[in-house]
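Let me begin by presenting the structure, written as structure tokens, before commenting on it.
The values are calculated or read from the model by the stated rules, or taken from the named source; none is laboratory data. Bear in mind the structure is a predicted one, so any value in this text is a computation, not a measurement. Please note: Cβ atoms are built from the backbone with ideal geometry, for glycine as well, and neighbour counts cover all protein chains shown. Note: areas computed on protein heavy atoms with side chains; ligands, DNA, RNA excluded. Shrake-Rupley method; radii C 1.70, N 1.55, O 1.52, S 1.80 Å.
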Amino acid sequence: MISMDKPCFLGSKGQIRRHEFVRLIIQYLYSLGYSRSASLLESESGIPSKSAELYRLESQILSANWDECVETLNSIEGLEEETLASALLLVFKQSITEFLMVGDDSSALNVLQKRVSKLRIDRERVHKLACGLLSLGGIGFGKVDGETSDGLRRKLLAELEKLFPPPVIVPERRLEHLVEMALMAKRDSCLYHNTGGAMSLYEDECCGGEHVPAETVQILNNHVNEVWFVQFSNNGEYLASSSSDCTAIIWKVSEDDVLSFKHVLRNHRNPVSFVAWSPDDTMLLTCGNGEVLRLWDVDSGECKHVFGEMTPIVSSCAWFPDSKRVVCGSSDPDKCIYMWDLNGNELEVWRGVRVPKVADLAVTPDGEYLISICSDKDIRIYNFHTKTERVIKEAHAITSLSVSRDCQLLIVNLNSQEIHMWDIAGKWDKPESYSGHKQGKYVIRSCFGGSDCKFIASGSENSQVYIWNRRKSKPIEILSGHKMTVNCVSWNPKRPHMLASASDDQTIRIWGPSRKQR
């Protein structure tokens with residue numbers, strides 16, 4: 001019995017029903033194994049952990065009182081017709097099973113003919129049930145002990161609980177789910193939250209910019225001409241850069257976040273504008289306008305293979321998740337998109353009118369989609385499993401493409417000084433838009449980054465780096481330091497505080513949190 005001197009609602013806003021809140025606590029105490037505490041709270045509060053209907057059902061099922069069980073089910077308010085039919089079917093199935101288990105075939109057949117047949121469920125489902133149960137009856141169960149019956153009845157109770165809506169049943173671990181949702185909402189409302197792991201329940205977390213890249217912590221100046229591209233490896237332990245000096249460089253990231261030179265990759269005769277790490281980080285692809293595609297061994301720095309020496313001019317490339325196949329795009333409209341194995345064997349080619357010249361492409365980390373930028377303004381999303389393609393048409397020319405690590409989102413840079421974010425599955429009618437950076441003449445690249453890919457970073461023609469929270473269209477940080485156009489940025493996937501940028505000033509800057517705020 002609930003004490004009348006207790007308030008019915010809790011919280012400063014009066015939005016929490018006391019009996020529901022206490023019931024959730026009781027349920028969670030039981031789920032944690034604190035049965036004595038849960039039972040004591042039930043007794044002291046007068047609030048039972050289970051609804052009256054559920055208590056009745058439990059008693060009726062465990063005592064095999066099937067007729068009263070059916071009456072209880074029919075008396076529960078708010079049950080949809082389909083849910084009620086499914087619940088009744090489970091009860092009838094159990095009663096038939098128990099009749100067969102004790103050799104009472106006539107009672108089992110009576111339930112099947114007079115009770116099950118009247119349920120508004122699929123006839124084929126009833127037929128399959130009948131065939132299954134009666135075939136068991138044909139071979140005979142023989143006598144069974146009470147422990148076996150009790151186990152089957154408790155299993156029935158568990159199956160019924162899955163069907164019932166609140167408040168008949170409290171969803172499993174509901175309190176934990178609500179607390180977790182509150183924490184996630186608090187985290188998402190913070191523009192600067194950039195750490196993984198558990199959040200404290202003891203106080204509201206309020207982040208400043210102490211975890212977001214804000215200042216230069218290292219400058220890499222080994223290139224002797226404009227640096228066009230940078231990309232961290234998937235494990236965050238390496239950085240690759242490419243330049244108009246016709247080389248690419250592999251850098252090692254130390255445990256204390258300092259980068260050091262590892263290899264310089266030569267042999268390209270023209271500027272190298274693109275690199276791509278294999279998913280296992282043992283190999284690197286390099287390519288560029290007027291250049292072929294080269295495969296390098298990361299450990300030794302040796303060139304392992306040159307793809308299509310006599311054919312495509314490769315502008316971009318990507319890996320499949322198995323690290324055994326690669327795909328590349330060409331700005332030559334007669335070549336378009338190629339798929340190769342690592343020995344250079346051509347596996348598939350997309351060319352012709354339907355596939356115009358390709359400016360950029362990517363394969364989602366799960367290998368489900370091939371995304372390409374075609375004819376300057378088209379985003380083509382091809383699903384390998386369904387063999388279907390969806391085309392998103394932008395109003396302005398697209399210069400680059402990037403895909404989130406969770407395979408859910410893509411971003412494109414437009415020469416209209418905007419970045420558009422689209423969902424890959426095609427549920428959105430229009431994109432999220434981000435602005436503030438400068439882009440009109442050159443290829444500028446952006447990326448997802450930070451904890452849970454919560455941020456977007458981009459280069460800019462005004463020599464600055466811009467960072468947005470995905471929920472805001474205007475930048476939350478603008479990083480100064482470069483002296484010329486910033487062509488590309490890359491966020492370390494394992495160190496959410498580390499960002500790299502490549503510039504026409506021939507340098508790569510590594511950005512980290514402000515030391516003043518640490």
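Backbone geometry of segment 226-236 corresponds, through the Karplus equation with coefficients 6.51, -1.76 and 1.60 at θ = phi - 60°, to 3J(HN,Hα) couplings of 3, 9, 9, 8, 9, 7, 6, 5, 5, 8, x Hz, x marking Gly and Pro. Computed from Cα positions, the angle between helix 105-114 and the longest principal axis of the chain comes to roughly 70 degrees.
Relative to the longest principal axis of the Cα atoms of the chain, helix 81-101 runs at roughly 60 degrees. Across all Cα pairs in the chain, the calculated P(r) in 20 Å bins from zero up to the longest distance comes to 19, 35, 26, 20, 1 percent per bin. Pull out a ≥ b ≥ c, the square roots of the eigenvalues of the alpha-carbon gyration tensor of segment 13-118, then state rounded if a/c is under 1.5, prolate if not and a/b is larger than b/c, and oblate in the remaining case. It is prolate, given that a/c is not under 1.5 and a/b is the larger ratio. Taking amide H as placed 1.01 Å from N in the peptide plane, Cys246 has its amide H under 5 Å from the amide H of Val272, each at least 5 places away in sequence or on another chain.
Pairwise inverse Cα distances across segment 138-270, averaged and inverted, put the Kirkwood hydrodynamic radius at 21.8 Å. Note on segment 217-307: the C-alpha convex hull projects to 5.5 nm² when averaged across all orientations. Placing a label point 7 Å from the Cα of Gln408 along the Cα-to-Cβ direction, the residues of segment 441-481 whose backbone N falls under 11 Å of that point are 452-454. Accessible area of His305 (1.4 Å probe, protein heavy atoms only, ligands and nucleic acids ignored): about 50 Å². Between Glu172 and Arg17, the simple spin-label model (points 7 angstrom out along Cα→Cβ) gives 2.3 nm. Each Cα pair under 8 Å and six or more residues apart adds its separation to the average, and for the chain the resulting relative contact order is 10 percent.
Using per-residue counts of other Cβ atoms within 10 Å, averaged over each peptide, order 40-48, 289-297 from highest down. List each step's numbers first, then the result.
Working: 40-48: 14.8, 289-297: 20.0.
Listed from highest to lowest mean packing, they are 289-297, 40-48.
Taking the alpha-carbon centroid of each part, what is the distance from segment 20-86 to segment 448-482 in angstrom? What the calculation gives is 52 Å, centre to centre.
Across segment 53-66, coupling constants 3J(HN,Hα) worked out from phi with the 6.51/-1.76/1.60 Karplus curve, θ = phi - 60°, read 4, 6, 4, 4, 4, 4, 5, 5, 6, 5, 9, 6, 8, 5 Hz, and Gly and Pro carry x. Note on Lys430: lysines with a C-alpha under 20 Å away, same-chain residues under 8 apart excluded, are Lys377, Lys393, Lys454, Lys472, Lys474. Across segment 497-512, coupling constants 3J(HN,Hα) worked out from phi with the 6.51/-1.76/1.60 Karplus curve, θ = phi - 60°, read 8, 10, 10, 10, 9, 10, 9, 5, 7, 6, 10, 10, 10, 9, 10, x Hz, and Gly and Pro carry x. The distance linking segment 258-303 with segment 412-444 is 28 Å (Cα centroid to Cα centroid, whole angstrom).
Provide Cys303, Cys407 ordered by accessible surface of protein heavy atoms (probe 1.4 Å), highest first.
Details: Cys303 45, Cys407 20 Å².
Output order, biggest surface exposure first: Cys303, Cys407.
Here is how the number arises for the chain: DSSP H runs of 4 or more residues each give -39500 (n - 2.57), the sum is divided by the residue count, and the result at 222 nm is -8000 deg cm²/dmol. Helix 146-163 and the long axis of the chain differ in direction by around 50°, with both axes built from C-alpha atoms.
Computed from the Cβ-Cβ distance with R0 of 51 Å, the FRET efficiency linking Lys494 to Ile121 stands at 0.50. When you count the other C-beta atoms within 10 angstrom of each residue and take the mean per peptide, 442-449, 52-59, 213-220, 323-330 line up highest first as 442-449, 323-330, 213-220, 52-59. Once backbone amide H atoms are built at 1.01 Å from N, Gln464 has Val486 as its partners under 5 Å, excluding neighbours fewer than 5 places away on the same chain.
Amide H contacts of Gly290 (H built 1.01 Å from N, in plane; Pro and chain starts excluded): Val314 sit under 5 Å, all sequence-distant by 5 or more or on other chains. Shape call for segment 413-518 from the C-alpha gyration tensor, a ≥ b ≥ c root eigenvalues: rounded (a/c under 1.5), prolate (a/b greater than b/c) or oblate? Because a/c hits 1.5 or more and a/b fails to exceed b/c, segment 413-518 counts as oblate.
Residues Phe164, Phe99, sorted by accessible area with the largest first, give Phe99, Phe164 [1.4 Å probe; ligands and nucleic acids excluded].
For a 25 Å ceiling on Cα separation, which of these pairs sit above it: Lys387/Lys441; Lys128/Lys162; Lys252/Lys494? From Lys387/Lys441; Lys128/Lys162; Lys252/Lys494, over 25 Å: Lys387/Lys441.
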